[in-house]
Structures are given as C-alpha cells and as structure tokens.
Amino acid sequence: MTGGSETSRPRVLILGGGFAGVGAAQKLKDAEADVVLVDKHDYHTFQPLLYQLATGLLEETAVGHSLRDLVHGQENATIHQATITEVDLDAREVRFDGMEPLTYDYLVVALGAEVNFFGTDGAPEHAFPMYTLVDAVRLKEHVLQKWQEVDRHPELADQGALNIVVVGGGPTGVESAGALAELYRGELSKDYPAIDQAKARVILVEAGPQLFSMFKDDLRTYTEKALADRSVEVMVGDAVASVTPTQVTLKSGTVIDAHTLVWGAGLQGNPVVHALGVDLERGNRIGVGPDLVLRDRPEVYVLGDIAAITDEKTKQVLPQLGSVALQSGEHAGESISRRLAGDEPKPFKYADKGTMATIGRGAAVVQMLGGRTMKGKKAQVAWGTVHLALLPTNEDRAKAVVDWVGATLTHQRTGRITVSTGGAEN
Ligand SMILES: Cc1cc2nc3c(=O)[nH]c(=O)nc-3n(C[C@H](O)[C@H](O)[C@H](O)COP(=O)(O)OP(=O)(O)OC[C@H]3O[C@@H](n4cnc5c(N)ncnc54)[C@H](O)[C@@H]3O)c2cc1C
C-alpha cells in the first residue's frame, strides 16, 4: 500500500467505523474521492445492544456488523483493519500498527471514547466494562462460569460468587443492572433451581444522590420501581473505592462480597486524542466549530463521542449518543462532498430525538426535547424506532426487527453458552 492516493482523486481518510465513521463513509458514496475507512476491528459495533449480548438475549451478529458489508456496492470505498497509533496533522499523515502510513486530503476522526475508571484501585484489572463486543462476551462468559462454579461448589454462593455490583446510575449502569437481573430471575433461576436466588444479588451503586439525574422525577420514580420489581438493590450517595476479584469496597467503608463488578460509570476520549496536539475539553473530548472541523484545520473533521460538539440551539455540548454520532458523521460526509464539488459547507444542526433508556422487558423511559415523557411499553416502542434508524443498512434493520421481536416475544436467551474468549483483545 502506498502513502498517497492510488487514483488521482483526493483521499478522504476516515478513522473509526462506529456510527460516525460509517455515517460519513456512506454519505460520500457519490463523491469524487477515494474513501478509506480504517478500524481496528472488521466490524461495526451497535453499542446500544451490548446488554442484550451480555445477557444472552442476542448473538454476536445482531450487535457486530461487517464493515465491508456496509460499503458493498460503494465503488469509491475501501476498508482496512488496522490500529491507529499516531495522527500527524502537519504532515497530513496517519500511522498504524502493522500497516504503511496513509496521507489524506480530508481526515475524519471518529474513534469514539473509552472507559474511564477514574483511578479506582483494582478497576482496570478486575472490573468488567461494557463498551465493546468483546467486553459484552467476556462479561456473559464470566457470569455463566460463576453459576457453573456455584453449581459444582454451592458453598461459593455464601462468598458472593453470584453477586454483581454495577457502578453508575446513568443509562449504561441502569440498563446493565436491569438486563442482568432479568437474566438472573429468569433463565438462570430455571437453569439452576437448587441455587437460592437470595444469594444472587444485583446491586447498583451511584455516587450522586439519585439515579438518572438527566430525567424528570416521574421517570426516575418509574425507574426505581422497575428496578425494584426486578429485585435490583439500589445504593445512592456512595462510590466504589476499590475492587478485588472477590470484593468491592465502597467509599463509606461498606464491603460487598461480589465476584463481578460491571463498570458503567464514565467515559473519556480515545487515547489517540493526546497525539493530536490540540487542546482537550472535559472528558478528553476535542472541541470543534459549527462545521465540525478543527480550528485552523478545515480539512480535519472530528465527530461522535470523541468530539465536544456545541448544539447551536441550546449552546450545550451534545451528549455521547448514537444519534449525535450518526448525524455528525452524515453531516461530515455531506460537507466534504459539497466542498469537493466546489460548494460551501453548511453548519451542523442536531435533530434531537429525545433522551431514552430501557430498564428491561416492557420497561423504558423517554423524555422528549419539549419535556413530554413516556414510560413502559410505549417508551420501549419509541426506543426501538429511534434505534432502528441508527442501523447502517435496510438489511440490518429488517434483521434487527426479526431478532428484537423474536427476543421480545419468546424471551429466550439462546446465547447463554460459554465459548472461552480468554486473552482476546478488545
Ligand atoms: C453499553 C452502551 C449502551 C449505549 N446505549 C445507547 C443508546 O441506547 N442510545 C444511544 O443513542 N447511544 C447509546 N450509547 C452511546 C453510543 O453507542 C455512542 O455514542 C456511539 O457509539 C458513538 O459513536 P462513535 O462513532 O463516535 O464511536 P464508536 O461507536 O465507539 O466507534 C469508534 C470506532 O473506532 C474504532 N477505534 C477506536 N480506537 C481505534 C484505534 N486506535 N485504531 C483503530 N480503530 C479504533 C473502534 O473499533 C470503533 O469501531 C451506548 C453506549 C454504550 C457503551
């Protein structure tokens, strides 16, 4: 492979095949350019469904989609699987692990975020984050192995082998706790009828005074009840101080015997941001202007979770959401196409679809921009509609409808088998 473009067309180099990177690539379909997308994986991860994968409700291919499939038929697009190690903005060159560097005419940085353990002792070694496909499979296999161990050695249940502590009272923590509790009280209670469910606790810990601080009171009350109905124990106003393979210690001094700690408490920008040599905003995110480009670098777009994009209407930094990532990606693709055709780019306008989260089967909450709220089954349908739109192709949407409706109707967790992922990389 050469550093420069193999045709006389300008090269648009897209780093990351998440919602933002794929959205940008697809909008460049008709552009007079070579579109090169590089990701360390050969698949796109649909993160909102990671809980369903971690709890055996969906299988890998419902959550990971081949990146090559997503640009099939797109004559100007190429996919490479490689890890980005360095971005040299002055040389307009990107370097990779095990692949020759590539130069660019336009660069799209869409590398997402990574988990932030906030320096918690033992968390990098022992916590289970929920950010990648591998994270979800690893958590599923760990949980299933714990039940198998207790089946062979029942005394381990008294040492907290089946207890799970979930950290974080935002959507990731609440959704993980709800999904894990449904797995425990549903299939696993049937799989292991001799095991006392009272020794299989799911405990949700939030440092702030309440869960779901971004939602209105009625949605919070609904969420607390939906979690209690699933026998999730909620502890607010306390934080995790340290974790070992068998215990979680809270800042208050409380020690919980638990062999599983799920981390849903925070994100930070992808570490590649440090190599860019630009000022970083809160959470290591990169600030961009109204057209989503870097100041003084009009050829560099930064999108999705890695970017701090200010909403032109509310003047607030937009949250790290799939719809923000997809819309910013599509905007960048359109903007570059316009510039390549000699037209002026337009500023980015975010269309807010509302804030939403699912707590479990038939239990979800939605808060619209104007303040209108929905809960229960109606909210779950709204969640499904908004999230279907995030899927990259019509085939994916059709498959998702079959998978989701099948999972909702039968509630069978056919994915609850263990295929060791030991040592697999993220
Ligand atoms: C568990 C969970 C649940 C969520 N639920 C929802 C939800 O219900 N609704 C919603 O709207 N949003 C949800 N989100 C947020 C949403 O998924 C993100 O905002 C969105 O995925 C961000 O898209 P992105 O394209 O910016 O980054 P990502 O989707 O993270 O994509 C980044 C890509 O960059 C690649 N990459 C990273 N580093 C490198 C490197 N060094 N070299 C090569 N490739 C690299 C990664 O492999 C990845 O494919 C959820 C997130 C999580 C973790």
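The values are calculated or read from the model by the stated rules, or taken from the named source; none is laboratory data. None of the values given here were measured: they were computed from a predicted structure. We place every Cβ from the backbone using ideal geometry, glycine too, and count neighbours over all the protein chains shown. Heads up: the accessible areas ignore ligands, DNA and RNA and are worked out on the full protein's heavy atoms, side chains in. Shrake-Rupley method; radii C 1.70, N 1.55, O 1.52, S 1.80 Å.
Would you confirm whether any residue within the range 207-224 is in contact (Cβ under 8 Å) with a residue 60 or more places away in the chain, farther than 24 Å from THR249 by Cα, open to solvent by 40 Å² or more (accessible area, probe 1.4 Å) and not in a helix (DSSP H, G or I)?
yes
Taking strands (runs of 3 or more DSSP E) that do not extend beyond the range 42-108, which have at least 3 residues that are surrounded by fewer than 16 Cβ atoms within 10 Å (Cβ to Cβ)?
83-88
Assuming ARG416 fulfils every condition listed in (1) in a loop (DSSP other than H, G, I, E, B); (2) at pLDDT below 90; (3) within 16 Å of the ligand (Cβ to nearest atom) apart from one, which condition is it?
(3)
Can you name the number of the only condition in (1) within 14 Å of the ligand (Cβ to nearest atom); (2) of a type outside the set (Gly, Ala, Ser); (3) more than 30 Å from GLY360 (Cβ to Cβ); (4) modelled with pLDDT of 95 or more that HIS41 fails?
(3) is the only condition that HIS41 fails.
Please count how many residues of the range 354-378 are touching a helix residue (DSSP H, G or I) at 6+ places or on another chain (Cβ under 9 Å) and either farther than 20 Å from LEU326 by Cβ or buried (at least 21 other Cβ atoms within 10 Å of the Cβ) (or both).
16
Which pairs have Cβ atoms under 6 Å, sit 6 or more apart or on different chains, and link a residue in the range 127-147 that is within 13 Å of the ligand (Cβ to nearest atom) to one that is outside any helix (DSSP H, G or I) and not β-branched (Val, Ile, Thr)?
These pairs meet every condition: PRO129/TRP263; MET130/GLY264; THR132/ASN426; LEU133/GLY64; VAL134/ALA424; VAL134/ASN426; ASP135/PRO129; LEU139/PHE128.
Out of the range 395-418, which residues are over 13 Å from GLY186 (Cα atoms) and either open to solvent by 80 Å² or more (accessible area, probe 1.4 Å) or among the β-branched types (Val, Ile, Thr) (or both)?
GLU395, LYS399, VAL401, VAL402, VAL405, THR408, LEU409, ILE417, THR418
Among the residues of the range 267-280 satisfying the criterion of being open to solvent by less than 30 Å² (accessible area, probe 1.4 Å) and more than 20 Å from GLY170 (Cβ to Cβ), which is farthest from the ligand (Cβ to nearest atom)?
LEU276
Can you tell me which of ALA194, ALA228 is without any contact (Cβ under 8 Å) to a residue 40 or more places away in the chain and surrounded by fewer than 21 Cβ atoms within 10 Å (Cβ to Cβ)?
ALA228
Residues of the range 309-342 being in contact (Cβ under 8 Å) with a residue 60 or more places away in the chain, hydrophobic (A, V, I, L, M, F, W, C) and open to solvent by less than 20 Å² (accessible area, probe 1.4 Å), which ones?
ALA325, ALA332, ILE336 - these are the residues of the range 309-342 that are in contact (Cβ under 8 Å) with a residue 60 or more places away in the chain, hydrophobic (A, V, I, L, M, F, W, C) and open to solvent by less than 20 Å² (accessible area, probe 1.4 Å).
Please determine whether any residue of the range 124-135 is open to solvent by less than 10 Å² (accessible area, probe 1.4 Å), under 21 Å from TYR43 (Cα atoms), at pLDDT 95 or above and over 19 Å from the mean Cα position of the chain (by Cα).
The answer is no; no qualifying residue exists.
Could you look through the range 281-309, keep only residues that are of a type in the set (D, E, K, R) and in a strand (DSSP E or B), and pick out the one that is nearest to the ligand (Cβ to nearest atom)?
Selected residue: ARG285.
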